[in-house]
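Down below is the structure, laid out as structure tokens.
None of the figures in this text is laboratory data; all of them are computed from the coordinates on show. All of these numbers come straight from a predicted model, not from anything done at the bench. Don't worry about glycine lacking a Cβ; one is built from the backbone with ideal geometry, like all the others, and counts go over all protein chains shown.
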Amino acid sequence: MKPMIYLLKSPYLLFLWLLLTGIFSPSTLAESRGEELFRNNCSICHGTNGSGGMGIPLASASFLDAASNQYLKQTIRLGRPGRIMPSFYWMPEADIDALIEYINQWRDTPPKNWSSRSISGNPESGAQLFKSHCAACHGDQAQGGKGTGLHFSRPTEIPVTATALNNQGLLNSAPDEMLHYIITHSRKGSIMPSATQLGLSDSSVNDIVSYIRSFQTPQLSKEKRYTEEPASLIINSPYSYEDTIENVKRAIVGSNFIHIRDQDLAHGLNVKPLPNSRQTIIYFCNFNFLYDALKIDPRVGMFLPCRVTVVEQDGKVQIMSINPKHLSQLFNNNALDESCDKMYEVYTSILEDASL
Amino acid sequence: MRNLIICLFLSLISSPASAVVTGEMIMVRSSEAFPETMSLLQEAISNKGYTLVRVQRVDVGLTAKGYKTDKYRVVFFAKGEQLQQLSAQYPQLIPYLPLKIAIFAEDENTILISANPTVFNDMFNIPALRPVLQTWQNDITDILNTVQTAN
């Protein structure tokens, strides 16, 4: 009993004892660190236990079957530019290793170890094969499917979004051997058929791999769009405050959106109105458009609902809104750019129509 | 030295959850169901000194129009005098006010997401706003961490 009392009295001895007895062995520390890193950085999209969500189900056997440790490391480092998955370029090497060790606990079999050897094939022939067998899901330019991954709460046509095979993050992470293996064996549990099921020879698989590899460019990602765009769209109104509000409502309906309601900016805040200043938010929506946008990326709620604000300050009336083009840069989701461009057109049209 | 060892020991045995703060967003996953998480969120907002302005029931609107969706809400909050002062001084900020957090169900979990207010630093490039935006980032991170650790 006496030794235990000494241990409890001295933190130095207690710490040493925990290390020596293996309660804090390097591997348990790494596992704990990996779990913490996963929870804090990955679980938001990939699910608490790697079961998937906005991100793919990392714990699934079909994913882990082909994913080497090197592939995981590169994917964490580079992310998937334009496909939601961010780059963790800032994460220390030891943390990435701990994260991979944590992910590896979900494996039934040891990780594959792909060589970096290039596969020789005919990319022209591969392009034809890709068009016939792959493009329906992966897109005509291998840009991948739209929308988020597994079991997001609203219905999705395909349980796992088809991979963007032209993505530079993927191409710099997945060696040819890995691509060849996936095409040959497919992904178990997905709707992807194997090359065998499609009746494709090994040589044809090589051609497809060569075609996919032809998308690789020296530059990892494109320059961000719209860096020069203002964050807010603001236009002066020649009309009175009240008339401008009515003009905005008419313009909203004219753009095929539904006017929901008006609200003072300080509504619900129990503050005295400022002198010579009025601000009215006009909320509106197009539910079909909203639904489609949420399917592409549920994070767009950060900027919902649609609204235009009419502001009067010292007799000057202005109409203003967010600038969706500017905000599209925040999402790392190219599929959302089209929606953001459309909303930009809607906002500018409403602002212009209301001030004509 | 003794305190250092104790801190090291405590840091090894504890692994507190924390919100994911990227340059652009602040996000957490709560293992609680949507109704419980929504209550925790509203309480955390209030405890941080903000007034809950409104809850936009996005899912209700979608369902009423025939779309199938799980729970999806947007929670608006602000500090009254601060909002008035900033909107008068920097009207270009108005379209982004009040602050908001999107909260939606994903199976048995709930996901909470907010834009990281510090992205407005680059968007507006107003040096005087930087401390305010940093405070908002800290507050939103604290709010979301509170919700997550309350599981």
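Taking only pairs six or more apart or across chains, which ones have beta-carbon atoms under 6 Å, a first residue in region B:64-81 that is closer than 18 Å to B:Phe104 by Cα, and a second residue that is assigned to a helix (DSSP H, G or I) and of a type outside the set (Val, Ile, Thr)?
Close Cβ pairs (under 6 Å, with a partner that is assigned to a helix (DSSP H, G or I) and of a type outside the set (Val, Ile, Thr)) amount to B:Tyr67/A:Tyr291; B:Thr69/B:Asp59; B:Thr69/B:Leu62; B:Lys71/B:Phe34; B:Lys71/B:Asp59; B:Tyr72/B:Asp59; B:Val74/A:Gly301.
Could you check how many residues of region A:311-334 are of a type outside the set (A, V, I, L, M) and assigned to a helix (DSSP H, G or I)? Let's see the steps before the verdict.
Narrowing region A:311-334 to residues of a type outside the set (A, V, I, L, M): A:312-316, A:318, A:321, A:323-326, A:328-329, A:331-334.
Within this subset, residues satisfying the condition of being assigned to a helix (DSSP H, G or I) are A:324-326, A:328-329, A:334.
Adding up the residues that qualify gives 6.
Test A:Ser68 against the criterion of being in contact with a Phe, Trp or Tyr (Cβ under 6 Å, 6 or more places away or on another chain), among the hydroxyl-bearing types (Ser, Thr, Tyr) and at negative phi, and give yes or no. Step through it out loud before you land on a result.
On the way: in contact with a Phe, Trp or Tyr (Cβ under 6 Å, 6 or more places away or on another chain): yes; among the hydroxyl-bearing types (Ser, Thr, Tyr): yes; at negative phi: yes.
For A:Ser68, the condition - in contact with a Phe, Trp or Tyr (Cβ under 6 Å, 6 or more places away or on another chain), among the hydroxyl-bearing types (Ser, Thr, Tyr) and at negative phi - is met.
It is to be established whether one or more residues within region A:240-248 are crowded, with 21+ Cβ neighbours inside 10 Å, β-branched (Val, Ile, Thr) and in contact with a Leu (Cβ under 7 Å, 6 or more places away or on another chain).
No, region A:240-248 contains no residue that is crowded, with 21+ Cβ neighbours inside 10 Å, β-branched (Val, Ile, Thr) and in contact with a Leu (Cβ under 7 Å, 6 or more places away or on another chain).
Let me confirm something: among B:Asp107, B:Asp142, which residue is away from every other protein chain (no Cβ under 11 Å) and out of contact with any strand residue (DSSP E or B) (no Cβ under 7 Å at 6 or more places or on another chain)? Steps first, answer last, please.
Values: B:Asp107 fails: away from every other protein chain (no Cβ under 11 Å).
Within the list B:Asp107, B:Asp142, the selection yields B:Asp142.
Mind listing whichever residues of region A:303-322 are farther than 20 Å from A:Arg261 by Cβ and either among the aromatic types (Phe, Trp, Tyr) or free of Cβ contacts under 8 Å to residues at least 60 places away in the same chain (or both)?
Step one: of region A:303-322, the residues farther than 20 Å from A:Arg261 by Cβ are A:313-318.
Within region A:303-322, A:Gln313, A:Asp314, A:Gly315 meet the criteria.
Taking region A:313-348 as the search range and keeping residues that are touching a strand residue (DSSP E or B) at 6+ places or on another chain (Cβ under 6 Å) and among the hydrophobic types (A, V, I, L, M, F, W, C), which one is nearest to the other protein chains (Cβ to nearest Cβ)?
Across region A:313-348, the extreme among qualifying residues is A:Met320.
Does A:Ile44 meet the test of being within 14 Å of chain B (Cβ to nearest Cβ), of a type outside the set (Ser, Thr, Tyr), without any contact (Cβ under 8 Å) to a residue 40 or more places away in the chain and in a helix (DSSP H, G or I)?
Yes; evaluated as a whole, the condition is true for this residue.
Which members of region A:53-71 meet the condition of being under 20 Å from A:Ser173 (Cα atoms) and either under 18 Å from the mean Cα position of the chain (by Cα) or aromatic (Phe, Trp, Tyr) (or both)? Before the answer, list the steps.
From region A:53-71, those under 20 Å from A:Ser173 (Cα atoms) are A:55-71; that's our starting set.
Selection gives A:Gly55, A:Ile56, A:Pro57, A:Leu58, A:Phe63, A:Tyr71.
Given the criterion farther than 23 Å from B:Gln82 by Cα, more than 11 Å from every other protein chain (Cβ to nearest Cβ) and buried (at least 18 other Cβ atoms within 10 Å of the Cβ), identify the matching residue among A:Ile191, A:Ile252, A:Ile282.
Working: A:Ile191 fails: buried (at least 18 other Cβ atoms within 10 Å of the Cβ); A:Ile282 fails: farther than 23 Å from B:Gln82 by Cα.
Going through A:Ile191, A:Ile252, A:Ile282 in turn, just one is farther than 23 Å from B:Gln82 by Cα, more than 11 Å from every other protein chain (Cβ to nearest Cβ) and buried (at least 18 other Cβ atoms within 10 Å of the Cβ): A:Ile252.
Kindly evaluate B:Thr69 against the criterion of being more than 10 Å from chain A (Cβ to nearest Cβ) and more than 20 Å from A:Ser277 (Cβ to Cβ). Reasoning before the result, please.
Values: more than 10 Å from chain A (Cβ to nearest Cβ): no; more than 20 Å from A:Ser277 (Cβ to Cβ): yes.
No: the conditions fail for B:Thr69.
So in region A:300-310, with the set limited to residues that are assigned to a helix (DSSP H, G or I) and more than 7 Å from every other protein chain (Cβ to nearest Cβ), which one is nearest to B:Leu112 (Cα to Cα)?
First pass over region A:300-310, keeping only residues assigned to a helix (DSSP H, G or I): A:300-303.
Pick out the ones that are also more than 7 Å from every other protein chain (Cβ to nearest Cβ) and you get A:300, A:303.
Values: A:Val300: 12, A:Phe303: 13 Å.
So, considering only residues that are assigned to a helix (DSSP H, G or I) and more than 7 Å from every other protein chain (Cβ to nearest Cβ), the one nearest to B:Leu112 (Cα to Cα) is A:Val300.
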